[in-house]
Amino acid sequence: MASKWTNVEFLQAKLKDPTIKSCTLTSMKGAGGNSGVMNRLMVTYNNGLTTSYILKVNSEGTEQAAALGLPREALFYDQFASKIKNIVPRTFYSEGDMKAGTKAIVLEDLSVLNKDGCDYVQMGLYFTAHSPLNWEKVQKGEMDSLMLSGYKIEELMRKAFECGADLHATYWNNKALAQDKDLDWLRGHDWYRGEGKDTWQASQSLVQNIWKSETKNISGWDPKFVSLLEASVAKIDWDDFQNRIHNTAFTLVHGDFHPANLMVARKKDSDNVIFGDVKLMDWEVVGVGCGPQDMGQFVISHVPPEIRRKLEKQVFREAYYDKLVEKLKAKTVEKLPTFEECWHEYVYGGVERWVWLLVVCNNIFPKSAGDYFYNQVKDFANDHRVNVETIGMPRA
């Protein structure tokens with residue numbers, strides 16, 4: 001599917017630029033994004049100048065892509081990117097078909113040094129060797145001493161949380177997210193209309209079936225934590241789910257908010273690095289949901305527990321909650337969320353989202369990676385005193 005983008009006439013038509021003279025396509029296999037093929041598109045213009053773009057198309061097997069709704073990323077860039085352009089890369093072309101399972105997106109290449117002397121780098125690289133997403137990079141020598149030190153984690157947490165606040169404030173309790181039929185491709189759109197029980201149940205049945213099976217690899221796990229997972233899975237109920245979402249603030253959520261899905265502007269200064277703005281990438285599971293939950297998913301994914309314990313509440317309050325409320329006040333939103341409400345959703349949204357992810361992904365990951373996420377979720381739940389009585393059902 002990507003090869004046709006090397007046809008000059010095709011590219012001229014898609015980018016609406018007749019001055020394109022030639023182009024080359026280079027695979028970016030291994031750059032991330034299991035649900036899409038990344039390519040670097042190098043375009044030469046009639047004046048001799050060249051520009052690098054990123055071309056993202058869905059992987060082979062469009063039936064699976066359609067079933068998973070992966071083309072929604074292209075629809076997101078087409079319909080939402082211009083409204084939150086400060087936190088997403090520039091989009092030059094975007095087209096997706098949910099029924100066919102196809103998508104094609106052309107974005108700016110953030111890795112290219114810009115006029116300010118900055119390039120963008122995956123934020124997760126600065127969260128030490130703690131995360132499995134960095135293990136192979138450490139072995140290959142792709143992480144420098146500053147990345148491995150964790151020295152920049154607080155600064156980057158703040159930038160990520162401010163980015164989340166920007167996104168969530170823009171669409172806070174925006175009824176169109178659920179009511180606009182043209183947005184039915186958003187994940188959770190139907191659920192907030194009291195519809196789509198079959199798709200919701202299918203996502204929860206996936207967890208239930210894995211949990212009941214003999215293939216789940218939980219050897220060595222703390223029995224107390226296993227009981228917590230058991231309690232969460234046992235609470236799956238459509239009516240209870242409807243009651244929660246209709247009594248909790250909602251917004252546009254990324255749905256896979258973790259450091260490896262953020263790019264941060266970076267300018268190297270001697271042995272130090274100066275960070276700038278951030279861009280949020282990989283919107284395959286964008287949808288309607290609980291905003292603070294994104295932040296909970298972020299810290300459980302990458303942040304070492306000893307660092308999280310020291311930072312999370314202050315960073316959440318100052319970088320996420322305070323900024324969220326500031327922006328909501330500027331929009332003259334009538335009912336502002338309290339800190340306690342947002343903190344509760346950060347804790348329980350984070351844990352319950354990760355219950356779903358842990359059960360599903362532990363069935364796929366190598367044992368070492370599965371155990372890593374088990375420890376991350378367990379420590380977070382223990383620290384916040386989440387127990388079998390207070391935990392809710394998994395958040396799909």
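Across the options Met263, Trp185, Ser232, the greatest Cα extent toward the positive end of the charge dipole of the stretch 116-396 (unit charges at beta carbon of Lys, Arg, Asp, Glu) belongs to Ser232. If the chain linking Ala67 and Tyr151 were pulled fully straight, counting 0.36 nm for each residue of separation and taking away their Cα-Cα distance, it would gain 26.1 nm. For the chain, set up a Gaussian network in which alpha carbons nearer than 10 Å are linked by springs, and say which option among Tyr151, Tyr346, Tyr320 fluctuates the most. Looking only at Tyr151, Tyr346, Tyr320, the biggest GNM fluctuation is shown by Tyr151. Could you please report the charge total around Ala129, scoring K, R as +1 and D, E as -1 over all other residues with beta-carbon less than 15 angstrom from its beta-carbon? Residues near Ala129 contribute -1 overall. For Ser22, nonlocal amide neighbours, meaning residues 5 or more places apart or on other chains whose placed amide H falls under 5 Å from its own, are Thr44. In whole Hz, what ³J(HN,Hα) sequence does the stretch 78-94 give by Karplus (6.51, -1.76, 1.60; θ = phi - 60°), x for Gly and Pro? Each residue of the stretch 78-94 in turn: 5, 9, 10, 4, 5, 8, 10, 5, 6, 10, 10, x, 4, 10, 9, 6, 7 Hz. Measuring between their Cα centroids, the stretch 68-100 and the stretch 137-155 lie 31 Å from each other. Going by the alpha-carbon gyration tensor, a ≥ b ≥ c the square roots of its eigenvalues, is the stretch 116-396 rounded (a/c under 1.5) or, if a/c is not under 1.5, prolate (a/b greater than b/c) versus oblate? In terms of gyration-tensor shape, oblate. The relative contact order of the stretch 116-396 comes to 28 percent, based on Cα pairs under 8 Å that sit 6 or more residues apart. Across the stretch 351-357, computed HN-Hα scalar couplings (Karplus, 6.51 cos²θ - 1.76 cosθ + 1.60, θ = phi - 60°) run 5, 5, 5, 6, 4, 4, 5 Hz from first to last residue, x flagging Gly and Pro. In terms of packing, defined here as the mean over residues of other Cβ atoms within 10 angstrom, the peptides 363-372, 199-208 line up highest first as 199-208, 363-372.
For the pair Gln201 and Lys16, label points projected 7 Å from Cα toward Cβ lie 4.5 nm apart.
Shown in residue order for the stretch 311-326 are the 3J(HN,Hα) couplings computed by the Karplus curve 6.51 cos²θ - 1.76 cosθ + 1.60 at θ = phi - 60°: 10, 4, 5, 5, 5, 4, 5, 7, 8, 9, 4, 4, 5, 4, 5, 4 Hz (x for Gly and Pro). For Val37, nonlocal amide neighbours, meaning residues 5 or more places apart or on other chains whose placed amide H falls under 5 Å from its own, are Val57, Asn58, Ser59. Relative protection proxy for 275-288, 250-263, 83-96, from highest mean packing down: 250-263, 275-288, 83-96 (other beta-carbon atoms within 10 angstrom).
A simple packing score, the average count of other Cβ atoms within 10 Å per residue, orders the peptides 173-183, 115-125 as 115-125, 173-183, with the highest score first.
Here, each number is a calculation from the coordinates, and none is a lab measurement. Given the structure is predicted, the values throughout are model-derived calculations rather than measurements. In this analysis, Cβ positions are derived from the backbone assuming ideal geometry, glycine residues included, and neighbour counts consider all displayed protein chains.
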